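Take a look at the structure below.
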Amino acid sequence: MITRFAPSPTGPLHLGHAFSAMTAFDLAKAAAGTFHLRIEDIDQCRSRPEWEDQIYEDLHWLGLKWPVPVVRQSERLPEYQSALQKLQGLGLTFACTCSRRDVAEAASAPQEGARIGPDGTIYPGTCKHADRATEGAAIRLHMDRAMALTGAIEWKEGDRSETRSTEEMINDIGDIVLARRDLGTSYHLSVVIDDGFQNIRDVVRGKDLQDATPIHVLLQRLLDLPTPVYCHHRLIRDENGKRLAKRDDARAIATYRADGATPEDIRRMVGL
Ligand code: GLU
């Protein structure tokens, strides 16, 4: 078993992160496998070195161990570029100059009716046949061509088999962004390349990312990468039932530490 925890250094780790990291760590340990830490810092505007340092400190304090050096996504942009070029070479992408607002407006036109997918509003196709220059544009996946190549996709969620048909992928997910114009990559592309690179066999992460999984499995198929088994765990919520967020400093691991909590207390609090 090879698991990973892949936080973005954009704020303090909270109890939800602790639960996710400890679950992935415990599973690997019980199977005499490996637990990896990966820093997902492609968004250099939002990522901060001090948050990255805090991640190492909090996870060490919780008793977790991982191989070093850790993979940091900001150092792997050439790998994402070459994967993108491969998809471009297969004719599976198109350049898109729409802003978020353009997408929202086009999608909410009366004849369209905006629909929401894992990345927000499903792309209404504005630039799809416009043959835009790639310079300064976002790059999107041409979902119908991609699905024509792979056919229905399948993967394992725990013991259960999941599948998505071509129609479901086109209608419920659509032409997702592979490379943001400001980053040259995206969460989806980077996560798939790196799970492949680190040979992750079991992706253990929160249910908030479950809807992104078909996108990841499709990209694995297109890029000839193996598909891990996925396990999406429950989310840790506050007393009002709201999911914890990064800005929720009150539940930051560092705050509990400063208040004298022990790692065992944290385990108890998240129900481990
Ligand atoms: N970096 C993502 C996050 O912090 C998690 C990615 C993943 O587990 O697939 O939400």
Among residues of the range 1-17, those that are open to solvent by 20 Å² or more (accessible area, probe 1.4 Å), in contact with a Ser or Thr (Cβ under 8 Å, 6 or more places away or on another chain) and within 10 Å of the ligand (Cβ to nearest atom), counted: 2
Which of the residues that make up the range 134-148 are exposed (fewer than 13 other Cβ atoms within 10 Å of the Cβ) and either on the phi < 0 side of the Ramachandran plot or among the polar types (S, T, N, Q) (or both)? Glu135, Ala148
Does the range 1-43 hold any residues that are among the hydroxyl-bearing types (Ser, Thr, Tyr) and under 18 Å from the mean Cα position of the chain (by Cα), and which are they? Thr3, Ser8, Thr10, Ser20, Thr23
Considering only the range 5-112, give the helices (runs of 4 or more DSSP H) lying wholly within it that have at least 3 residues that are modelled with pLDDT under 95 and either more than 22 Å from Asp265 (Cα to Cα) or among the polar types (S, T, N, Q) (or both). 100-107
Mind listing just one residue for me: the one in the range 29-77 that is hydroxyl-bearing (Ser, Thr, Tyr) and either in contact with a Lys or Arg (Cβ under 8 Å, 6 or more places away or on another chain) or open to solvent by 20 Å² or more (accessible area, probe 1.4 Å) (or both) and, of those, farthest from Asp195 (Cα to Cα)? Tyr56
Are there any pairs with C-beta distances below 9 angstrom linking a residue in the range 204-226 that is within 18 Å of Thr166 (Cβ to Cβ) to a residue that is hydroxyl-bearing (Ser, Thr, Tyr) and within 11 Å of the ligand (Cβ to nearest atom), with the two at least 6 apart or on different chains, and if so which? Thr213/Tyr230; His216/Tyr230; Val217/Tyr230
Could you pull out the residue among Ser20, Ser47 that is out of contact with any helix residue (DSSP H, G or I) (no Cβ under 9 Å at 6 or more places or on another chain), within 11 Å of the ligand (Cβ to nearest atom) and not aliphatic (A, V, I, L, M)? Ser20
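The values are calculated or read from the model by the stated rules, or taken from the named source; none is laboratory data. Here the structure is a predicted model, which is why all the values come from computation and not from measurement. Note that each Cβ is placed from the backbone with ideal geometry, even for glycine, and that neighbours are counted across all protein chains shown. Ligands, DNA and RNA are excluded from the accessible area calculation, which covers all protein heavy atoms including side chains. Shrake-Rupley method; radii C 1.70, N 1.55, O 1.52, S 1.80 Å.
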